[in-house]
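To start, the structure under review is shown below, and the notes come after it.
The values are calculated or read from the model by the stated rules, or taken from the named source; none is laboratory data. This one's a predicted model, so the numbers in the text were calculated from it and none came from an experiment. Virtual Cβ from ideal backbone geometry, glycine too; neighbours counted across all protein chains shown. Side chains included, ligands, DNA and RNA excluded: accessible areas come from the protein's heavy atoms. Shrake-Rupley method; radii C 1.70, N 1.55, O 1.52, S 1.80 Å.
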Amino acid sequence: MSDLVYVLNGPNLNLLGTREPTIYGSTTLGAINGMLASRAGELGLRVQCHQSNHEGVLVDWIHEAHGKAARAILLNAGAYTHTSVALLDAIKAVTVPVIEVHLSNPHTREPFRHTSYIGQAARGTISGFGARSYLLALEAAAGL
Ligand code: CA2
């Protein structure tokens, strides 16, 4: 099985660590990606990390991960989690397992965050553990 894990982050997550630290923590996305690369090495995996504020670009990376026969995709689709049928369709269209990741626990927040399109096709979801959510998701990917 492939050792390649795609890590995809959606809109506004490039701002991590610089705004709203009480909700999203003070760790930057660059630092999270660094921690993931380091842990991936220990697990015999490698990560390819991307962030975009554009829905279609995220769709393209899901297709790309499939084309490269990646082992898994860790996906924090940000607010697109709650709106994007395009991302749901992309996840359904590929065979790569998608692990949905959130820093916060959307179920404890506003009602509009309680629905996840991603979760309807994801292998599983890890949310509410801040930056550690990504590391837990990577562990899950290692066990697939
Ligand atoms: O908890 C998560 O990881 C979310 O996916 C974050 C999204 C939110 O829309 C989801 O409901 C839950 C928002 C990401 C915004 O990221 C920011 C980072 C720093 C400052 C402001 C926004």
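Assorted remarks:
- For Gly124, the residues whose modelled amide H falls within less than 5 Å of its own, excluding neighbours fewer than 5 places apart on the same chain, are Glu100.
- Entry note, the stretch 44-96: relative contact order of 48 percent, from Cα contacts under 8 Å with a spacing of 6+ residues.
- Computed about its Cα centre, the charge dipole of the chain is approximately 180 debye, with only Lys, Arg, Asp and Glu carrying charge at their Cβ.
- Note on Thr95 and Thr83: the model spin-label points, each 7 Å out from Cα along the C-beta direction, lie 3.4 nm apart.
- Fraction of accessible area attributable to carbon and sulfur, the stretch 1-70 (%, probe 1.4 Å): 51
- Rg to Rh, two decimals, where the stretch 70-127 supplies the alpha carbon set and Rh follows Kirkwood: 0.95
- Out of every Cα-Cα pair that the stretch 9-144 contains, those further apart than 27 angstrom amount to 12 percent.
- In angstrom, the C-alpha Rg and Dmax of the stretch 35-113 are 13.5, 39.
- Of Gly10, Val57, Ser26, farthest towards positive along the dipole that unit charges on Lys, Arg, Asp, Glu beta carbons give the stretch 1-63: Ser26
- Stretchable slack from His107 to Asp60, in nm (0.36 nm times residue separation minus alpha-carbon distance): 14.1 nm
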